[in-house]
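Enquirer: Pasting in a structure now, in structure tokens, and then I'll have a few things to ask.
The values are calculated or read from the model by the stated rules, or taken from the named source; none is laboratory data. Fair warning: this is a prediction, and the values are worked out from it, not measured in the lab. In this analysis, Cβ positions are derived from the backbone assuming ideal geometry, glycine residues included, and neighbour counts consider all displayed protein chains.
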Amino acid sequence: MNGIAPCHIPGDKPNPCAVALHQLKHYGNADLGGPWKGWRIAGRVLVTPQGLRLPVERVKGLAWRQDAEDHLTKIKAANRARERSTENQHVKVVVVTLAEFRAQRTGAA
């Protein structure tokens with residue numbers, strides 16, 4: 001490849017496609033589109049539309065925390081469901097003296 005972007009017409013001023021490709025290949029800069037419109041990648045840093053720079057480690061940490069919070073939410077929901085299912089179960093308590101218990105076990109009533 002001769003280093004010229006395939007979307008660039010030689011002799012003309014570089015179009016936005018050629019400029020974006022040059023920025024990506026030589027500087028690692030890329031503008032993101034779709035729901036990420038306004039965000040961009042600058043080397044190893046994700047840059048927000050407001051200019052906040054997030055290094056790779058920070059993005060990984062945020063993703064890990066979000067995953068951990070989602071996991072914890074699922075566990076809490078399962079625990080609440082289990083508690084609700086056991087709330088209506090009645091427990092019968094029988095009080096027996098030790099003397100009565102021994103008499104029943106030995107058969108001496």
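Enquirer: Considering only the stretch 2-10, I want to know if a residue exists there that is polar (S, T, N, Q) and part of a loop (DSSP other than H, G, I, E, B).
Expert: Looking through the stretch 2-10, at least one residue is polar (S, T, N, Q) and part of a loop (DSSP other than H, G, I, E, B).
Enquirer: Would you check if there is a residue in the stretch 101-109 being part of a helix (DSSP H, G or I), under 22 Å from the mean Cα position of the chain (by Cα) and among the small types (Gly, Ala, Ser)?
Expert: no
Enquirer: Let me ask you something else. In the list Ala77, Ala63, which residue meets the criterion of being more than 30 Å from Leu32 (Cβ to Cβ) and free of Cβ contacts under 8 Å to residues at least 12 places away in the same chain?
Expert: Selected residue: Ala77, the only one of Ala77, Ala63 that is more than 30 Å from Leu32 (Cβ to Cβ) and free of Cβ contacts under 8 Å to residues at least 12 places away in the same chain.
Enquirer: Next question, about the same structure. Restricting to the stretch 69-99, name every residue that is among the charged types (D, E, K, R) and at pLDDT 90 or above.
Expert: Residues satisfying the conditions are Glu69, Asp70, Lys74, Lys76, Arg80.
Enquirer: Right, next: From the list Ala30, Ala18, Ala68, exactly one residue is in a strand (DSSP E or B) and surrounded by 10 or more Cβ atoms within 10 Å (Cβ to Cβ). Which is it?
Expert: Ala30
Enquirer: Another one. Contact list please: Cβ distance under 6 Å, first residue in the stretch 28-56 and under 21 Å from Cys17 (Cβ atoms), second residue assigned to a helix (DSSP H, G or I), pairs at least six apart or on different chains.
Expert: Asn29/Gln23; Ala30/Leu24
Enquirer: Follow-up. Has the stretch 47-62 got at least one residue that is surrounded by 10 or more Cβ atoms within 10 Å (Cβ to Cβ), among the basic types (Lys, Arg) and in a helix (DSSP H, G or I)?
Expert: Yes - at least one qualifying residue is present in the stretch 47-62.
Enquirer: Could you grab me the full set of residues in the stretch 33-46 that are outside any loop (DSSP other than H, G, I, E, B) and surrounded by 10 or more Cβ atoms within 10 Å (Cβ to Cβ)?
Expert: Across the stretch 33-46, the qualifying residues are Trp36, Arg40, Ile41, Ala42, Val45, Leu46.
Enquirer: Among the residues of the stretch 7-51, what is the count of those that are at pLDDT below 75 and touching a helix residue (DSSP H, G or I) at 6+ places or on another chain (Cβ under 8 Å)?
Expert: The number of residues fulfilling the criteria is 3.
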